[in-house]
Amino acid sequence: MPALDSSAALTQQVEIDLFQGPFDLLLTLLLRDEVDLLELPLADLVEESVTTDTDERWDLDASSQLVLLLAAMADLKGRRMLGEEVEDEPGPDAIAMREALSARLVAYAPFQRAAHWLAERLRAAQGPRYRRVPPGTAAPVPVRDDPARLRAAMDKMVEAPPVPSLDHMGVARRPLPELLGRLRESIARLREVSFESMVVDCDRLEEALTLLAALELVRRGEAELRQDVPFGDILITGVR
Amino acid sequence: MTELARAIEALLFIAPEPLDQPTLMEITDESPAEVNRALDELRERHAESTGLELAEVAGGWALRTRADLAPICDRLRARPREDRLSPAALETLAVVAYLEPVTRREIGRLRGVDVDSTVTSLLDRGLIEEGDRAQPSGPARYQTTTHFLERFGLARRGDLPTLERFELTGPEAQAIRARLQQAELIAEAETGEP
């Protein structure tokens, strides 16, 4: 619906049984529910609005807006009237849903009542006490007259558990100090050794550890490293 | 009092659990009729003025204190902690008690809500337990326990009023339908939609 400006359509005077005054006042009253749309004689209003004096000029804009407004009111009124009918007679789906829900409630109701019965029963059954050793105090002392058995049982509890085996883990077979000693010894004997010759039969881990040992010697100022080409052999030279 | 009645009284006195008739027959080596007669005798003896009563509970017979002596008994031994059961727990318990063995799903369908936590709490309290499954791989089916019978003072499983007794009468069911219809109209008026 196009936006309505405050044109002649809204200021037009209407005169029907229910209302006399400008059209926009009637609209306001309708919106505030002070005039019931259902009671508004739409036919009279249409007749009143569109039959203008022949003397007056026919304003096309104003008239078309008025027609739009009246059509909207007719639509609203129609819907409201239909809506009332729908409330009185709900569709088959709504009835089926209500029936299903009430059937479920009716089916479940006995259990709710049974729950009430149980609750009363519970209250009634709370009085009598049974011969029963209260939980926690009942445990008999098992070996009161046999300290040796008691000690044997205790021993098992305080015994240190066996140390778990780490055999399955890759443990360094040659610890760093050992490699350090070997390297030192070679340098002392030959003054200069090649890294490649030191790691002939070693796996990658041992290779890495040997390099670490060489670096450690450099750190301590006992050796110097030289590598002529990248990725080439490393010469380890003792410092005297 | 007959020898058998005296013997059974002694047995019930020391037994921590209710003793059923077969057990009493086995221990005393007597016929069912004799045992029953002795039990009748005992019940008469503990009829009115004594502190103990003979009760049939949880599938057996037990000597227990009379309800009115609960306060004095609790001065000796702290009263067993009675955690209160919520309405949801009681209703779920009622469903299990009447339909056992019953699966969680069946309970949920009947109650119209998720019952997982309620069932778990009933299991924790020892009021229900897992029973036989329909199929080995099928869902767990729950049933009430001996503890349930004892706590509710029931003699045996199925010692409940018939479910028919709790069914709604025609007018009551009609009233529910009317209430639903009313609720629908109110909801429609509030949302403005049919």
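The values are calculated or read from the model by the stated rules, or taken from the named source; none is laboratory data. Worth saying up front: this structure is predicted, and the values here are computed from it rather than measured. Reconstructed Cβ throughout: ideal geometry from the backbone, glycine too, with neighbour counts over all protein chains shown.
Observations on the model:
- For region B:59-97, filtering for residues that are within 18 Å of B:Phe148 (Cβ to Cβ), at the interface with chain A (Cβ under 8 Å from one of its Cβ atoms) and buried (at least 18 other Cβ atoms within 10 Å of the Cβ) leaves 9.
- Of all residues in region A:80-95, those satisfying the criterion of being more than 9 Å from every other protein chain (Cβ to nearest Cβ) and either surrounded by 11 or more Cβ atoms within 10 Å (Cβ to Cβ) or at pLDDT below 70 (or both) are A:Arg80, A:Met81, A:Glu84, A:Glu85, A:Asp88, A:Glu89, A:Ile95.
- Of all the residues in region B:146-167, those that are buried (at least 17 other Cβ atoms within 10 Å of the Cβ) and either of a type in the set (A, V, I, L, M, F, W, C) or more than 9 Å from every other protein chain (Cβ to nearest Cβ) (or both) number 7.
- Whichever residue in region A:207-240 is assigned to a strand (DSSP E or B) and polar (S, T, N, Q) and, among such residues, is surrounded by the most Cβ atoms within 10 Å (Cβ to Cβ): A:Thr237
- B:Arg105 vs. criteria among the basic types (Lys, Arg), more than 11 Å from every other protein chain (Cβ to nearest Cβ) and closer than 26 Å to A:Ala114 by Cα: yes
- The set of residues in region B:48-84 being in contact (Cβ under 8 Å) with a residue 40 or more places away in the chain and not small (Gly, Ala, Ser) consists of B:Leu54, B:Glu56, B:Val57, B:Trp61, B:Leu63, B:Asp83.
- Filtered residue count, region A:203-221, keeping only those that are touching a residue at least 12 places away in the same chain (Cβ under 8 Å) and within 14 Å of A:Leu179 (Cβ to Cβ): 10
- Here region B:19-39 is the region considered, the condition is being under 24 Å from the mean Cα position of the chain (by Cα) and of a type outside the set (S, T, N, Q), and the residue that is surrounded by the most Cβ atoms within 10 Å (Cβ to Cβ) is B:Leu24.
- When residues of region B:14-59 are limited to those that are part of a helix (DSSP H, G or I) and of a type in the set (Ser, Thr, Tyr), the one farthest from B:Ala70 (Cα to Cα): B:Thr28
- Of the residues making up region B:8-33, those that are more than 14 Å from chain A (Cβ to nearest Cβ) and free of Cβ contacts under 8 Å to residues at least 24 places away in the same chain number 8.
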